[in-house]
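Chemist: So that we are looking at the same thing, I have put the structure below in structure tokens.
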Amino acid sequence: MLRRMARYVVPVLGVLLVAIGALWTLQGANLVGGSFMSGSRLWLVIGLVALVAGATLLVRAVRTHRGRPL
């Protein structure tokens, strides 16, 4: 049951991390304004980390779904 649930949770979490990471990266790079995060190098780095973590989860989910677990 836990594996079945993880089959859906991991890709959704990956998509959320990619989306949030992209937003934080753009805000940190001062390409999206209107926030205390705009122009902050800290949020640029945090966004990049979240983006990479989300992409890693998505790749893992796709590989596991195709029957080739990591």
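Chemist: Val10 versus (1) over 22 Å from His65 (Cα atoms); (2) more than 8 Å from the chain's Cα centre (by Cα): which is the lone unmet condition?
Modeler: If we test Val10 against (1) over 22 Å from His65 (Cα atoms); (2) more than 8 Å from the chain's Cα centre (by Cα), just (1) comes out false.
Chemist: Taking Gly33 as the residue in question, decide whether it is small (Gly, Ala, Ser) and within 18 Å of the chain's Cα centre (by Cα).
Modeler: Taking the combined requirement at face value, the residue does not satisfy it.
Chemist: Collect the residues in the stretch 30-57 that are touching a Gly at 6+ places or on another chain (Cβ under 9 Å) and over 26 Å from Val12 (Cβ atoms), keeping them in residue-number order.
Modeler: Listed by number, the residues that qualify are Asn30, Gly33, Ser38, Gly39, Ser40, Arg41, Leu42.
Listed here are the residues, each with its yes/no results for (1) exposed (fewer than 14 other Cβ atoms within 10 Å of the Cβ); (2) part of a helix (DSSP H, G or I).
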residue	(1), (2)
Leu16	yes, yes
Ala19	yes, yes
Trp24	no, yes
Ser38	no, no
Leu44	no, yes
Gly54	no, yes
Leu57	no, yes
Ala61	no, yes
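Every number here is computed from the coordinates shown, using simple stated rules; none is lab data. Not measured: the values here are computed from a predicted model. Virtual Cβ from ideal backbone geometry, glycine too; neighbours counted across all protein chains shown.
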